[in-house]
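Inspection log for the structure reproduced underneath, given as structure tokens.
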């Protein structure tokens, strides 16, 4: 994401970046933060632990803010034995975007149809755990796991597998599979991604950065050309068509149940419980995952 004290993390190529770019393009830096965008810390590998690199960069002072995933933070907090000084300050995905990509002619139409189906375990194996955990959350049968070291589209096309587990915004990579595909959202009500801040960052600075994050989402919804232009200046190799499509699949999760960025104590409790069960991680109280003063209710009281 960005910084307020001279350093920062340039956000990863997710559609949330368009909202942040909209905030920058519209002059929302008038909130009096000196924001520097720098290259995001690279993932160490494709394991769940490997994806905690960016959060650890925030924890060690290489940056102050980042866009990341709840499962990465809970994994990093587990490794740190509850001593990780990084917490969420705003939520992006209000619901889990995990989906099953299936052949359009498969007869699979609903989440209930996915129970017991053959699901790929591919180069990012924790996606398959996430998918299996979502099925379990819904009370559906566990998938049959099939290891696929090669091309996922080829395995789906040859009917070696029935389902490719992935996040909704990544379904675009299967649009040119050579056959028609469909994404079946599991749509479980747990948080997934958002804005994190180091505990060392003062509350007033966090509040202003959060304000820019939320305003960027609202502006992106009203005037998407601003965010798209800013995003493509940073990432010119990503086509405008791809960025627009990503926003279209991201926005429903971001604006579910109220204003973007909203954090609820009960949903955080359910999120931590679900992630811990799904990935074999530690279960933490909410105050180790998000700043409690920014939960719904607390924010309203402060505003009043």
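The values are calculated or read from the model by the stated rules, or taken from the named source; none is laboratory data. Just so you know, these numbers come straight off a predicted model, no measurement behind them. Counting neighbours? That spans all protein chains shown, and the Cβs are built from the backbone with ideal geometry, glycine included.
Summary table below
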| read-out | value |
| --- | --- |
| Residue, surrounded by the fewest Cβ atoms within 10 Å (Cβ to Cβ), within region 263-286, restricted to residues that are in contact (Cβ under 8 Å) with a residue 24 or more places away in the chain and over 24 Å from residue 127 (Cβ atoms) | 265 |
| Complete set of residues in region 112-131 that are outside any helix (DSSP H, G or I) and more than 20 Å from residue 46 (Cα to Cα) | 115, 116, 117, 118 |
| Scope region 157-170; condition more than 16 Å from residue 130 (Cβ to Cβ) and in contact with a strand residue (DSSP E or B) (Cβ under 6 Å, 6 or more places away or on another chain); matching residues | 161, 162 |
| Count of residues meeting criterion [free of Cβ contacts under 8 Å to residues at least 24 places away in the same chain and within 13 Å of residue 165 (Cβ to Cβ)] in region 111-150 | 0 |
| Residue match in region 142-151 (condition: part of a helix (DSSP H, G or I) and at pLDDT below 95) | no |
| Single residue of 172, 195, 219 found to be touching a helix residue (DSSP H, G or I) at 6+ places or on another chain (Cβ under 7 Å) and modelled with pLDDT of 90 or more | 195 |
| Residue 109 vs. criteria in contact with a helix residue (DSSP H, G or I) (Cβ under 7 Å, 6 or more places away or on another chain) and either part of a loop (DSSP other than H, G, I, E, B) or loosely packed, with under 15 Cβ neighbours inside 10 Å (or both) | no |
| Verdict on residue 156 being over 23 Å from residue 67 (Cβ atoms), under 20 Å from the mean Cα position of the chain (by Cα) and in a helix (DSSP H, G or I) | no |
| Complete set of residues in region 72-87 that are surrounded by fewer than 24 Cβ atoms within 10 Å (Cβ to Cβ) and assigned to a strand (DSSP E or B) | 87 |
| Tally, over region 215-262, of residues that are on the phi > 0 side of the Ramachandran plot and buried (at least 17 other Cβ atoms within 10 Å of the Cβ) | 1 |
| Residue 134 being in a helix (DSSP H, G or I), surrounded by 17 or more Cβ atoms within 10 Å (Cβ to Cβ) and in contact with a strand residue (DSSP E or B) (Cβ under 6 Å, 6 or more places away or on another chain) | yes |
| From 102, 89, residue being in contact (Cβ under 8 Å) with a residue 12 or more places away in the chain and in the same structural domain as residue 290 (by TED's automatic domain parsing) | 89 |
| All positions within region 157-174 that are in contact (Cβ under 8 Å) with a residue 40 or more places away in the chain and under 22 Å from residue 248 (Cα atoms) | 164, 165, 166, 167, 168, 169, 171, 172, 174 |
